[in-house]
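Here is the structure we will look at, set down as structure tokens.
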Amino acid sequence: MRRSGLARIPIIDIFLWVFRIGVIGVVLYGSFGTLRQGKYSGEVWIDFVVFGLSQGSVYALIALGYTMVYGILRMINFAHGEVFMSGAYVAYFAAAAFNAAGFLNRQPVIALLAVLGVAMLTSTGIALVVERIAYRPLRRAPRLVPLIAAIGASFFLQYTFRGFFGTGFQAYPGVNVLKGEWVLAGIGILRTQAVVIVGAVVMMLALYLFVQRTKTGTAMRAVSEDMEVAAMMGIDVDRIIVITFGVGAAAAGAAGVLYALVFPQVHFFMGFLPGIKAFTAAVLGGIGNIPGAMVGGLFLGIFESVGPTLFLEGLTVPGIYPAGIPAPYQLKDVIAFVMLVMVLIFRPSGILGERLATKKA
Amino acid sequence: MSAALRTGLIWGTIGVFLSLVGMVEAFAARQVIVGVVSLGHLLLLIISLGSGVRAARQVAAGERAPGAVLLRGLVAGMVTGAVGAAFIAVGPAINLRAMFISATPELFALLSFGRGIAGIPLVLGAGAAAGVLGAAATLLPAVIARPLAVGVTTALTFGLFQELLQIILQEGTIRTAIKRLLFTDDGLPPRGALIVFVVAGVLSALLRGRRGGVRAWAASRPPRQRRVLSAGALVLGVALVLVLPVVGGLFIAQVLVLVGLYVLMGLGLNLEVGFAGLLDLGFVAFFAIGAYTVGLLTSTGEHAIADLSFWAAVPIAVVASLIAGFLFGLPILRIRGDYLAIATLGFGEIIRLLFLSDALRPWFGGSQGVLGIPKPELFGFEFSGPQQLYYLTLIASAFVAFVAARLRDSRLGRAWMALREDEDVAEAMGINLVNVKLLAYGIGGAMAGMGGAIFAVMLGSIFPHSFSLIISVNVLALIIVGGMGSLPGVVVGSLFLVGLPELLREFSDFRFLIYGAVLVIMMQFRPEGLWPSAAQQRELHEERADIAVAPVAEAVPGEAQAEGGGS
């Protein structure tokens, strides 16, 4: 035992360093190759970044729910991606009805706000039902138990929607006002993307102020700091937990509508990838840390949008890939997942360095 | 009484939910007893009965006057019926179908017994009657209730599996005689169901109390005879398992092969999650690696890299997935708990996306997969179909189960359990966490790899789409249903979660819905699973007993201990 006891730490560390340096090396080599090719102009890169920002702001909104729930219950709400999906899906019916009535294009602002309201209400409702039925009875159970229940809830919700609304993709109606571009400081931005970014930022600010300034927000922070002491101070912990779930779900529902503006279709499985990516964003920003989730989401969105082209296009391997990796956009999700695994391995406390290490993670 | 109202509302909502999700209509296609009841109506009946039973159980034990219990059942059943009636009345009027694809006219015809709005009194009446029946069932003494329950369950089981039974009863004089007695050309008629019900009920009544008697008799034999007896039982069991695909036919064999593959994966994941407590959501990656290794090594198609025989390729596949397990485990050694689950999920998805990508297409065939994998052959005997592959799967699962059982009781197994209980304490006790964790990933992965190898030859071609996250969740669900850390539990779980949905095709559309619900429900009511390992059961029940007894525990410590140990 003594031999391996001495030998083991360095071996893993060496392995992890090799892993880390390898990934960084590939990224640098690929980026260098792509930039040297000069195939893309600066405008294209800006487009990538703007697209990444709009995608990332959606991730950030979803990530808020993960982060807030984790901050209080130390539990990954695996079903959060489905909460996001449910909001987008039910709001689709509202949007389609408005579109059929012509209301969507006559009064786009009011109609979109109404659609947003439907999504937020649905998501909140579903999250509260899940919390009540699946999570609340397990509050004192061993750690894996709530996680497994959450996985079950996630699949249950997915296949409920599949049973309710079918397996096909439903196309979100477009809004005429949002077609085309706005030019801002010489940079053309797709209108939908601009709306998404602005909408998400407004939501996040509102949520941040809610948590920082209101009495309920203070109670939430107190509960996340120490549940028992908070209870002793007269805070109704159950109520705070319900509010946390509800607020996080409302943000996810809003994110669902914004997501559907960028990718105008809904499907029962659409919550999975954004959910996982938003979780990555939450960890990246330091789980339990609300501004961190926002930064993490934006960072991940840009990384994912720029990454495939930047890292892989120029990744020439003599003899195998003389012209770079073919179809790099297919590997977009691989990049996101590699990012997820790397963050979990190397910085489980996040880039904004929250206080937790092995104790909470 | 408000509790009964609430119960009725909840169960009614469940009924509407099942209708909207499409289950009732899909199940209605299967006749359980010909001309009497379809599975869809049976589902509705069970919901109303359940409502009555729940309402009756809410009465405190002290005040169980029959009248009060029946009244509660009546109220709950009627409210359940009323929810259904409201659904029937409102659903078609507001064109629910524009949103819910399952809200078809057929569904409403089914719910209202084909009478439309005029069927509402009937629905109310049926709900109330079922509620009263359910409540009444709780009042019956066990002597009557048990044979009744056994009779009904057996008759319904016969009804559910009637196609299968008819296939099994096709040959042989005795078998065809039984078939003619019970079944008509259409299926199970009321007469057949009644016979089954009476026979099963009477048998149950006669055997009541005898089951313990047989055990006691066997235990009272001298040791040598006892050994002979248990060996005989074992031989009988093995013989039954061996002839199963021959008697059951092609379809049964096909289902059993699938069950066997899931048993292989389940044993592997059980080793990681059940023994070592490392929740792995990317487990399907090992299955994929095993399948791709065998596929590429034995294929005669365009992606072939070596023309090996299956028997030479399997050890390579097992070693490949073992190494994959080590490599997979190394970077995530320091991650714990739920983060570990997400990291492994990431790994599993990365592997699938890589197999799917165009970048690796020259080697793995991208989305077109690897084709032309020949069936294994041994001494001129070709494992050509499921009936032959069954034996291959059986031998592989038996071998892997043996390995898992030996590992569980070994030093390594105990180290895993220590790790599961508390990582820091385990390390302090001198367990080398690195080796122990890597071995869990490696050996667990190797077991799944062997499953993947058989999967590749079973299908003859492999596609990346076969290795999605849902498989990992499926395997996780089955070891949780069976009982984490329990080896027989894996088999039980596979039979229930893989075998059953295959046999009842109507279920397979809803299997993931049901899995999700099962995971949530099991975590609340039976986290130790259907066939728990001894340690797990003790642990989970001890905790509960501690909570329940906590206030008393200080006063009477001896009593609390007795309760904790006894349950």
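The values are calculated or read from the model by the stated rules, or taken from the named source; none is laboratory data. Every value quoted in this text rests on a predicted model; they were computed, and no experiment measured them. Cβ placement follows ideal geometry from the backbone for every residue including glycine, while neighbour counts extend to all protein chains displayed.
Taking every residue in the stretch B:508-522 that is facing chain A (nearest Cβ under 7 Å) and pairing it with any residue that is of a type in the set (Val, Ile, Thr) and part of a helix (DSSP H, G or I), at least 6 positions away or on another chain, the pairs with Cβ-Cβ distances below 6 Å are B:519/A:148.
Among the residues of the stretch A:316-352, those identified as part of a helix (DSSP H, G or I), at pLDDT below 80 and buried (at least 21 other Cβ atoms within 10 Å of the Cβ) are A:328, A:331.
Taking the conditions (1) β-branched (Val, Ile, Thr); (2) within 12 Å of chain B (Cβ to nearest Cβ); (3) more than 24 Å from residue A:292 (Cβ to Cβ) in turn, residue A:76 satisfies each one other than (3). When the residues of the stretch A:94-140 are filtered to those that are under 30 Å from residue B:478 (Cα atoms) and in contact with a Pro (Cβ under 7 Å, 6 or more places away or on another chain), the one that is surrounded by the most Cβ atoms within 10 Å (Cβ to Cβ) is A:135.
Note on the stretch A:207-299: enclosed helices (runs of 4 or more DSSP H) holding 1 or more residues that are within 14 Å of another protein chain (Cβ to nearest Cβ) are A:272-284.
Given the structure, is residue A:71 out of contact with any Phe, Trp or Tyr (no Cβ under 7 Å at 6 or more places or on another chain) and either touching a residue at least 60 places away in the same chain (Cβ under 8 Å) or within 30 Å of residue A:186 (Cβ to Cβ) (or both)?
Details: out of contact with any Phe, Trp or Tyr (no Cβ under 7 Å at 6 or more places or on another chain): yes; either touching a residue at least 60 places away in the same chain (Cβ under 8 Å) or within 30 Å of residue A:186 (Cβ to Cβ) (or both): yes.
Spelling it out, residue A:71 is indeed out of contact with any Phe, Trp or Tyr (no Cβ under 7 Å at 6 or more places or on another chain) and either touching a residue at least 60 places away in the same chain (Cβ under 8 Å) or within 30 Å of residue A:186 (Cβ to Cβ) (or both).
Scanning the stretch B:88-113 for residues that are of a type outside the set (Ser, Thr, Tyr) and away from chain A (no Cβ under 14 Å) turns up B:88, B:89, B:90, B:92, B:93, B:105, B:106, B:108, B:109, B:110, B:111, B:113.
Which ranges mark the helices (runs of 4 or more DSSP H) fully within the stretch B:286-400 that have 2 or more residues being buried (at least 22 other Cβ atoms within 10 Å of the Cβ) and more than 14 Å from chain A (Cβ to nearest Cβ)?
Once the helices (runs of 4 or more DSSP H) in the stretch B:286-400 are filtered for at least 2 residues that are buried (at least 22 other Cβ atoms within 10 Å of the Cβ) and more than 14 Å from chain A (Cβ to nearest Cβ), what remains is B:310-329.
Tell me whether the stretch B:484-496 contains one or more residues that are surrounded by 24 or more Cβ atoms within 10 Å (Cβ to Cβ) and within 10 Å of another protein chain (Cβ to nearest Cβ). Scanning the stretch B:484-496 turns up at least one residue that is surrounded by 24 or more Cβ atoms within 10 Å (Cβ to Cβ) and within 10 Å of another protein chain (Cβ to nearest Cβ). Per the conditions (1) within 14 Å of another protein chain (Cβ to nearest Cβ); (2) without any contact (Cβ under 8 Å) to a residue 60 or more places away in the chain; (3) more than 27 Å from residue B:98 (Cα to Cα), the sole criterion not satisfied by residue A:198 is (1).
Given A:217, A:152, A:166, which one is closer than 20 Å to residue A:88 by Cα, modelled with pLDDT of 80 or more and surrounded by 13 or more Cβ atoms within 10 Å (Cβ to Cβ)? Before you say what the answer is, go through the steps one by one.
Details: A:217 fails: closer than 20 Å to residue A:88 by Cα; A:152 fails: closer than 20 Å to residue A:88 by Cα.
Result of the check over A:217, A:152, A:166: A:166.
Among residues of the stretch B:16-30 being in a loop (DSSP other than H, G, I, E, B) and more than 11 Å from every other protein chain (Cβ to nearest Cβ), the one that is nearest to residue B:100 (Cα to Cα) is B:29. Selection of the stretch B:302-311 for residues being within 15 Å of residue B:396 (Cα to Cα) and either touching a helix residue (DSSP H, G or I) at 6+ places or on another chain (Cβ under 9 Å) or not assigned by TED's automatic domain parsing to the domain that holds residue B:445 (or both) yields only B:310.
Take the stretch A:53-87 and flag every residue that is of a type in the set (Val, Ile, Thr) and within 21 Å of residue A:216 (Cα to Cα). Outline the logic, then answer.
We begin by selecting, within the stretch A:53-87, every residue of a type in the set (Val, Ile, Thr); these are A:58, A:62, A:67, A:69, A:72, A:76, A:83.
Passing the criteria: A:62, A:67, A:69, A:72.
Residue check: is residue B:408 assigned by TED's automatic domain parsing to the domain that holds residue B:274, at pLDDT 80 or above, under 26 Å from the mean Cα position of the chain (by Cα) and of a type in the set (Lys, Arg)? For residue B:408, the condition - assigned by TED's automatic domain parsing to the domain that holds residue B:274, at pLDDT 80 or above, under 26 Å from the mean Cα position of the chain (by Cα) and of a type in the set (Lys, Arg) - is met. Would you confirm whether any residue within the stretch B:436-454 is over 29 Å from the mean Cα position of the chain (by Cα), of a type in the set (Gly, Ala, Ser) and in the same structural domain as residue B:326 (by TED's automatic domain parsing)? No, that holds for no residue. Scanning the stretch B:367-390 for residues that are of a type outside the set (Asp, Glu) and free of Cβ contacts under 8 Å to residues at least 40 places away in the same chain gives B:379, B:380, B:381, B:384, B:388. Every condition in (1) under 30 Å from residue B:101 (Cβ atoms); (2) of a type in the set (S, T, N, Q); (3) at pLDDT below 85 is met by residue A:160 except one, and the failing one is (3).
If you go through the stretch B:459-470 and keep only what is surrounded by 22 or more Cβ atoms within 10 Å (Cβ to Cβ) and touching a Leu at 6+ places or on another chain (Cβ under 7 Å), you end up with just B:464.
When restricted to residues that are within 14 Å of chain B (Cβ to nearest Cβ) and farther than 21 Å from residue A:258 by Cα, the stretch A:10-63 contains 16. Take the conditions hydroxyl-bearing (Ser, Thr, Tyr) and either within 14 Å of chain A (Cβ to nearest Cβ) or more than 30 Å from residue B:141 (Cα to Cα) (or both) and apply them to residue B:48. Does it pass? In short, no.
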